[in-house]
Structures are given as structure tokens and as C-alpha cells.
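Colleague: First the structure, which I've put down as C-alpha cells, then a few questions once you've had a look.
The values are calculated or read from the model by the stated rules, or taken from the named source; none is laboratory data. Computed from a predicted model, the values in this text were never measured in an experiment. Note that we place each Cβ from the backbone using ideal geometry, even for glycine, and neighbour counts take in every protein chain shown. Remember, those area values only see protein heavy atoms, side chains included, never the ligands or the DNA or RNA. Shrake-Rupley method; radii C 1.70, N 1.55, O 1.52, S 1.80 Å.
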Amino acid sequence: MDQHKTTAGALQTPMTGPINNPAALAQALLHNPGATQALNNNPTAAGNHGVTHKPHLNNPGVGQQLISYPGVGQQHINNPGVGQQLISYPGVGQQHISNPGVGQLMGVPGSGQGSINKPSTAQALMRSPSDSRALIRGDRGSMLSMSDDNVMMNQILTTHAPDGREFDVRPLLYLVEDILNRATQHVDFLVKGTLDQVQLEERAQAANHIAMLEALTYTIDRIACELSYKALGGCDAHATTTAIFNLLSSYTWDAKLVISLSAFALNYGEFWLLAQIYSTNQLAKSMAVLRQLPSLLEHTAPLKPRFDALNSLIRTMMDVTRCVVQFRELPLKYISPDAPALATAMTHIPTAVYWTIRSMVACATQISSLTSAGHEFGISTTESWELSTLAHKLRNIYEHLKQQLNYCYKHIEERMDVEIYQMLLAIFDPNVLHIDNMKALKALIYDKDDKLPLLDGATKRQVSLDVLRRKNVLLLISSLEFANDELAILEQIYNESKIHATRLESQYEVVWIPIVDHSIIPLPEEMQTKFENLQSTMPWYSVQDPLVIKKPVIRFIKEVWHFRTKPILVVLDPQGKVVSPNAIHMMWIWGSTAFPFTSLREEALWREETWRLDLLVNGIDPTVLTWIKEEKYIFLYGGDDIEWIRRFVNSARSVASASRIPLEMVYVGKSNKREQVKKVTGIINAEKLSYAWQDQAMVWFFWSRLESMLFSKIQLGRGDDQDPMLQQIKKLLSYGREGGWAVLSRGSNIAVNGHSSTVLPALGGYDEWKINVAEKGFDGAFKEYHDKLHDAAHPCCRFEFPNTIRIPENMRCPECPRLMEKYTAFLCCHDEQGIPGSLF
């Protein structure tokens, strides 16, 4: 009897406190062990049996408290759509059978209409496990039969009254993810007997996050108590969810979700922490016994469907939470709230938050049922089906939100890309001056300080961009299709240029910037291996990861620096100013002599050049250079028609013999048809027709240098059609594409640059021009006769530009002053591989 008085008094005191104190009831139930007994012994306190017809203010029962807090006390009479539509929320001491949205909004029992069709919490606590099981299952119908989602969501929206406070929920979310990830892993361990050890970053433990966590602790504890108590009492899940929304009315949607998930993680993590250590820790063992964990954990196999369903739902809850937080973190600088994807998502986020918190309530109920009713409760698959249904619904919500989030990210990425592109245009404006080159290099390569973006080819160590500060920097830009021949020649020029730089006390570095397709992320293993193999052969700096080069940077390189797929070499001075848009041409032509590879140096070198044979073969074949020094007559010839080659060689030897001149001939192939050139070279060797370049790299480099001469002139804006050297370059490139050709020189002086259709007839007409040899010399007489034939024949000129290079807007014919017609052509040279690195 005394016990009854003590307990009742203990309960009655907090109930007579301020009506609007939302913590009073929760604190009384949490801190007073006699609360349950008091409820059982005091019928009026529960508000049941139809006896509580007095106004709530005069009723000292437990169920009357918190008029302004639905779901914890009795009702919410000040909130339209919550307290007025649903007059009586399921309180602590009073339950009702109907659920908002089912169609019984205005007919629900009110403050003076106690409903005894669904037992009270006090009664539920005193019942057997089987009765408790029935209570928990009783809410299933309301979840699945809810037909008016609009009414339900309107009710939830009326609870949303954010007060403008902002805080970063990320640290709290990291902590919650850590707890739930480890807890769900432990479920797998108990059922399967294995546990994957995942090292999760302790990101939420930073000191600057402690204050935020302390500020939220009280709210998290209240919600955790709400979840635990209502789960034990078998309360209506919607009412419990709404009660949580009322507790969190002043928070933003993402904060509501993270705080609620934190409260759930607090309870769920404690449950599995005890399960993990109870066998080795006496304190944990005693607590586990109170929770019936030993009995529960001895029957894990029958509970597997339940645990699997819980796992699935909890992970989906985390997915939705992360997604909602990501929407909150979107930078409004790049996406406005009325953007279609974001606006669509914002209308669905309240629903997502509701069903996620509703799922937390369901999970809490399931865990409570397991601990209170024992392992028999878990044998049924019905509850697993209920959790799976919720998981399916929540997964659909998540997939929709994720789709909208991806649209938002794409929109933001496009806006950011435009901004970066405009920034690059401004940085590389030739009229803008910079203190050093760091701003330009950071914009191109990597603008953060969180990692070292370069690999030093000499030491194979990662380094920062500071190693390039105030140096001349050559940006070697290419795809991953980089020929070994090109690399070998570049390395040779690089080493020679280092010697020049040391002599001139000038510092310069090369940096390889690989261009890859960003639509394929991560890079396929084959592509990653190709990148690493290529990188390992380079003695200079290279980008550590090709994906650090952003898409707008690639756009800038393609549109402004005209990169296609063939390598280019952009030169920056110590202030980051572009001093050559592509130095690869002058490198091929003059090698290290072109140092420091600026456009000014390129122009100076061209002013010193003349149309001579050593310009064509310099650095390729010392044998030919020896012939030049000996002032021999030299025929440089090419083509893939072996019959024409036989006739040409025999005619040339016959004429040279008749004229008694020292003549040497060298076959240099074609700018394409690599396999055919190799066959022709083999026949020339077998029949001993003439000297021929055996190494295909020599053939490639000859034509690459010739092509570079053309593009160097065009790049400098010196594509003057009156430039005789340019006309000869264009002729030879054109002849190299079609039929045979030959260049005749005496020493370095070129006399004839002719097509097969004129050179062979000129040799055949030797009897007509031999009389001039004594007066004009062999080369002069041959040139005079050849030019007459050329003027009559005028062979067609042809240039083919693949899409891999920058195509000139127009081009004049080197044979006549007319503009050449532009065609689209399809070409196949029947080669397994083309000439490596060829511009054509």
C-alpha cells in the first residue's frame, strides 16, 4: 500500500508542472522506476475505461500531459492539421485505433473520448510476450492501408517551422554511419560467423565538432527515449513519427533526418555493443541478461530473415539520409532553387524524411520486440515482410531522389566547367601579367594543396607544383597513344636542351599532361596500365593521375591550343605566359637548337633557313650528310610503285654514267602506307637498286619534320603563298601522297623537286638536254628540261588532313595560284598501323 502511494506521488508531481513542458512526461517515465506500476494501479492516470471526461488541465493522469506535443502526451490543440484534424494523438496513457490518412481524421476520439479498443502502454507493459507481439503487429495495417498521402504529408508539413538556425550535419552523419555500419556488420557476423574488418575514418571526432554534438545531445536523447518507449508500448507508428517531427519542428529537413537517425543509432548501437562484448565483460553480461540477449543470440539462425530485413532497411535509411544531406550541401552559386531537378527534389524530400523516420520507428519496434518477447517472436516471417515492404518503399524514394541529385550534379558541373573555362581564358590572356607561373599551372593541373599532383620522372617521387615555380615550362600534351619513336626523339632533344639551358643559365622543365576520356571513370585497367607504362619511360615530370586534369581544361586545350590527338608542346615562360602554342614543330625541325622553344626563336630560325637538302635530312642519316659534304649529286626519292622505282633508278644510273657524275640515291618511302613501304624497301635491298632507309623510324621522322615545316609556317602566320620555300614544302608533301617523286641536289643545293610524272620523262629525254650539261652543269641542264615538262604537265596536288590535327581554313595550290578545293575523303592504306605520330 505504501509502495502504491509513493509511486503515485512520484508520478503525480511532474504531471502538475507546466502544461507546455514537453520533457515532463518523458523525464518522469525515464527516471522513475515505479512509473509502470503506478500506471497499472491507477486507472484514471491512464485515461481509459471512459472515466476521463474532465478537461485535461484538471486530470492528474499521465495521459493528459503535453497538450502541445502530440505523440508524447495527449493532443496538439494549437497546431492546425495536427491537433485539430487528429484531435487525439496516441499519447502515453491513451491509445486510439485509427490512423490519420485512413479516412477517420475528424472522427478520432478527442480529449474527452478515451478509446479502449487499443490497449494503453501501461497495460501493454504488463502483458505477456504474445500479447505484446500482437500489439506490435497491430500497426501493420495502418502502414499498408494508408491511402491519402497528401493529407498525411500536409499534417507533417504543419509541424515544420524552422527557426533559421544552420549547422553542419556532416560530422554527426559520419558518426552515425560509423555506428550503423559496424552494427549491421555485427549482424552479419552473428548470422554468418564472419566479419569484414573495415577501417572507417574517425571524421566525427574532431575537436571543432564536439560543441555541435553537445548542443544536440539533449534532443537526440529525447528522440531515443521516444523511440524506445513507444516501441515497447506498441504505439501507432505514424503517431510516434509525428511526435518526433514535433520535437524537431525548428530544424531543417536534413537536420531532422540526421538527428533522428542519431537517436536510432544510439539505441541500435547499444543493443549490438552488448551483443558483441557480453561474453567477455561482466557488466555487459548482466545488462544483456536484462535484455534477454543470451537467449536471443543463441537462436541467430532462425532470426536470419529478420536480421537481413533490418540490415536492408537500415542501409536504405542511410542512403536516403546521405542523399537528403547532399541536396542540402548543393552550392547555390551554381544551381538555383527553381532549377527543375532541385525543385522536384525539394517537393519530395519531406516525404522521404517522413518515411525514413517512420522506418526508424519500425526498426526500433522490431528490436524491442526481440528483447521483450524473446527469440520466438523472430521466427515468424511476417515481421520480416513488413520491414521488407518499408525497405522497398524507401528504396523507390531513394532512387527517385538520387536521379534528381544526379541531374543537379550535372547542372552544377556544367556551370562550374563554364566558370573554369572562362577563368582559363582570363589567366592566359596575353595582355594579363602574372608574378609567376603558379596561377596558370594550378589552373591547368591541380589547384588544391591536399595532394602532390606530379611525378618526378628522374626520382619517381611525387612532388608539388612548386618545383616548376618561375621556370620555363614545356607542357607536353598528348593522348595515351604515344609512339616509342616520338618518345625516343623527344628524350634526346630534352637531354640536349638541358645542356643548352645549363650553359645559358636558364631553367626549364617538361611536364606531361595526358588527355583521357572523362566519360569513362574510373579508367579501365587496360588504359590505366598503358598510362603507367608510358609514364615510367619518361625522364621528365608527369601528372600523377590523368583524371586530375578537369574537363574544362581539356576543352580549353582543344579549343584554344588546338589539340586533337597528336602531341603538342605548349611553352610557358616563368610568368606563365604562352610563348609558343606548339613547339613540337620546331623541335622536330631543329632539335635542341630551337631552345628555349619560343615563337620568337622559331621566327629567327626560319629567317636563317633556305631550301636545301640538309634541312630535309638533318639529324636523320649521317650517310646522306656525308654525301652532302662531298658535293655529290643526290637523288632523294620515294613512292610505293615498284615498277616506277625500277625504271627511275635504272634511268638515273644510266644518265649519271653517261654524264660521268658521282650520283647517290636514297629511298625514303612515303608519308603513309607503312607496310607497303617496308615491302618496297625489301625489294630494293634484294635487287640492290639503291640505298634505302631500313629503319622505319627514319622514314617517319623525315615526313614528320617535313609536315612540321608546313605547320610551323602556318602557326607563325607566315603561310605566304609567295614564300618559295613554303611552295617547295607543299609540293613535296603533295607528291608524297600520290605516286612517286624525286629531289635532285648537288651537295646541299636542291635543283629539282619533281613528281614521278615529270622526273622519269626528264631522265628519258637526256639526249635532248645533254648538250647543255657542259655549260649549265648536270643539275642545271636537268632542271631546265624538267621545268618545261612540269609546266606542260602540272600534276594534281593533294593534301589530306585527318581530324587529329588542326585543319587550315584554306590552302593555295603550290603548282598554281588557285585556292584548292576542299573534300571529305575516306582512306584506307591496308596497314596494321599507320606511320607513328604522323600528322597526316
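Colleague: For residue 664, which sequence-distant residues (separation of 5 or more, or a different chain) have an amide H within less than 5 Å of its own amide H, given hydrogens modelled in the peptide plane?
Modeller: 633, 634, 635
Colleague: Which one, 477, 437, 454, projects farthest toward the positive side of the charge dipole computed for the range 428-549 from Cβ point charges (K/R +1, D/E -1)?
Modeller: Value: 437.
Colleague: State, to one decimal in nm, how far the label point of residue 157 lies from the label point of residue 488, with both points 7 Å from Cα in the Cβ direction.
Modeller: 7.3 nm
Colleague: Can I ask one more? In whole Å and largest first, what semi-axes does the C-alpha gyration tensor of the range 460-504 yield when each eigenvalue is scaled by 5 and square-rooted?
Modeller: Largest first, the range 460-504 gives 21, 18, 10 Å.
Colleague: So what is the accessible area of the range 432-592 per residue, in Å², with the probe set to 1.4 Å?
Modeller: In whole numbers, the range 432-592 has 45 Å² accessible per residue.
Colleague: Now, a different point. Determine the gain in length on full extension of the stretch residue 481-residue 322; use 0.36 nm per residue of separation and subtract their C-alpha separation, reporting nm with one decimal.
Modeller: Between residue 481 and residue 322, full extension yields 53.2 nm more.
Colleague: Here is the link list: 442/550; 448/550; 730/788. Which ones come out longer than 18 Å on Cα distance?
Modeller: Over 18 Å Cα-Cα: 730/788.
Colleague: Could you look at the range 432-592 and say what percent of its accessible area is carbon and sulfur, using a 1.4 Å probe and all protein chains?
Modeller: 50 percent
Colleague: For a Förster distance of 35 Å, can you work out the FRET efficiency between the beta-carbons of residue 403 and residue 562, rounded to the nearest 0.05?
Modeller: 0.40
Colleague: On the accessible surface of the range 618-668, probed at 1.4 Å, how many percent belong to carbon and sulfur atoms?
Modeller: 45 percent
Colleague: Please list 3J(HN,Hα) in residue order for the range 695-703, calculated via the Karplus relation 6.51 cos²θ - 1.76 cosθ + 1.60 where θ = phi - 60°; whole Hz, with x for glycine and proline.
Modeller: 7, 5, 5, 5, 4, 4, 5, 4, 6
Colleague: Assuming R0 = 41 Å, can you tell me the calculated FRET efficiency for the pair residue 462 and residue 214, based on Cβ-Cβ distance, to the nearest 0.05?
Modeller: Using R0 = 41 Å, I get an efficiency of 0.55.
Colleague: With every protein chain present, what accessible area does residue 355 have (1.4 Å probe, heavy atoms only), rounded to the nearest 10 Å²?
Modeller: Ignoring ligands and nucleic acids, residue 355 comes out at about 10 Å².
Colleague: Using each residue's phi in the range 156-161, evaluate 6.51 cos²θ - 1.76 cosθ + 1.60 at θ = phi - 60° and report the 3J(HN,Hα) Karplus result to the nearest Hz, with x for Gly and Pro.
Modeller: Calculated HN-Hα couplings, in order: 5, 4, 5, 7, 8, 9 Hz.
Colleague: Give me, ordered by chain and number, the residues 5 or more places off residue 752 or on other chains with an amide H under 5 Å from its own placed amide H.
Modeller: 744
Colleague: Would you please give the FRET efficiency between residue 612 and residue 776, computed as 1/(1 + (r/R0)^6) with r the Cβ-Cβ distance and R0 = 25 Å, to the nearest 0.05?
Modeller: Efficiency, from the Cβ-Cβ distance: 0.80.
Colleague: List every residue whose amide H lies under 5 Å from the amide H of residue 479, counting only residues 5 or more places away in sequence or on a different chain, with H placed 1.01 Å from N in the peptide plane.
Modeller: For residue 479, the qualifying residues are 515.
Colleague: Separate question: Tell me which lysines have Cα within less than 27 Å of residue 230's Cα, excluding those fewer than 8 residues away on the same chain?
Modeller: Correct list for residue 230: 5, 54, 118, 256, 285, 304, 393.
Colleague: Just grab the label-to-label distance for residue 518 and residue 150, each label 7 Å out from Cα along the Cβ direction, in nm (one decimal).
Modeller: Simple spin-label model gives 4.3 nm for this pair.
Colleague: Mind listing the phi-derived Karplus ³J(HN,Hα) values for the range 237-248, rounded to whole Hz, using 6.51, -1.76 and 1.60 with θ = phi - 60°, and x for any glycine or proline?
Modeller: 5, 5, 5, 4, 4, 5, 4, 5, 4, 5, 4, 9
Colleague: Let me ask something else. Can you tell me the order of 335-345, 152-162 when each peptide is scored by its average per-residue count of other Cβ atoms within 10 angstrom, highest first?
Modeller: 152-162, 335-345
Colleague: Name the residues of the range 237-272 whose amide N is less than 13 Å from a point 7 angstrom out from the Cα of residue 287 along the C-beta direction?
Modeller: Backbone N within reach: 266-272.
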